[in-house]
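**Student:** The structure is given below, and queries will be raised subsequently.
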Amino acid sequence: LAGGMPLSGVVGNAQIMDAPAPGGLGGTYAGNPLAIAAAHAVLNIIDKEALCERAQDLGRRLTATLEEAKSWCPALAEVRGVGSMIAAEFFSPESGEPSADIAQKIQKKALEQGLLLLTCGQYGNVIRFLYPLTIPEAQFSSALMILQNVTHL
């Protein structure tokens with residue numbers, strides 16, 4: 001949130017948070033004025049550029065693209081996420097088991113077309129999407145087209 005500056009925060013139930021004396025609860029980076037100024041500037045940009053709304057819009061578009069891909073990619077078992085934090089999970093259509101091989105094949109095909117994807121998850125069968133909310137429209141549209149291409153296995 002602070003653009004890479006060290007910043008921490010603590011949140012909790014009021015009864016618990018009010019228990020320590022004022023100043024008695026903090027983190028390693030508590031009260032760093034430079035980090036607080038950076039975080040404040042980031043929050044201003046988020047508001048000014050409507051990045052929360054953009055996260056929702058981009059996430060809806062990505063989710064729609066992935067949901068559509070299910071019609072031709074039986075290995076694409078689940079699409080989930082909130083806003084622009086989206087994940088696609090791949091399973092072997094034959095065995096029904098998580099398939100890191102399929103996720104990695106899609107990742108490799110995407111990289112060959114210029115799209116960097118991250119595979120992750122307990123079984124390595126999840127592709128996680130976390131792009132910058134300031135991504136140019138042409139670049140995002142290109143990424144969606146690449147996803148459509150590479151999910152045709």
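**Student:** Can you run down the residue pairs with Cβ atoms below 9 Å, 6 or more apart or on separate chains, where the first is in the range 87-112 and without any contact (Cβ under 8 Å) to a residue 60 or more places away in the chain and on the phi > 0 side of the Ramachandran plot and the partner is in a strand (DSSP E or B) and surrounded by 15 or more Cβ atoms within 10 Å (Cβ to Cβ)?
**Tutor:** Every condition considered, the pairs that remain are 96/77.
**Student:** Keeping to the range 117-138, report how many residues are part of a loop (DSSP other than H, G, I, E, B) and closer than 24 Å to residue 42 by Cβ.
**Tutor:** Matching residues across the range 117-138 total 7.
**Student:** Right, here's the next one. For the range 40-64, enumerate the residues that are within 20 Å of residue 131 (Cα to Cα) and among the hydrophobic types (A, V, I, L, M, F, W, C).
**Tutor:** 42, 43, 45, 46, 50, 51, 52, 55, 58, 62, 64
**Student:** Please specify each residue of the range 122-146 satisfying the condition of being over 16 Å from residue 55 (Cα atoms) and either in contact with a helix residue (DSSP H, G or I) (Cβ under 8 Å, 6 or more places away or on another chain) or surrounded by 18 or more Cβ atoms within 10 Å (Cβ to Cβ) (or both).
**Tutor:** Listed by number, the residues that qualify are 123, 124, 125, 126, 127, 146.
**Student:** Going through the range 39-86 one residue at a time, which ones are surrounded by 14 or more Cβ atoms within 10 Å (Cβ to Cβ), without any contact (Cβ under 8 Å) to a residue 12 or more places away in the chain and in contact with a strand residue (DSSP E or B) (Cβ under 7 Å, 6 or more places away or on another chain)?
**Tutor:** 70 - this is the single residue of the range 39-86 that is surrounded by 14 or more Cβ atoms within 10 Å (Cβ to Cβ), without any contact (Cβ under 8 Å) to a residue 12 or more places away in the chain and in contact with a strand residue (DSSP E or B) (Cβ under 7 Å, 6 or more places away or on another chain).
Throughout, read-outs are computed from the coordinates displayed, never taken from laboratory work. Computed from a prediction, not measured in an experiment: that's the story for all the values here. We place every Cβ from the backbone using ideal geometry, glycine too, and count neighbours over all the protein chains shown.
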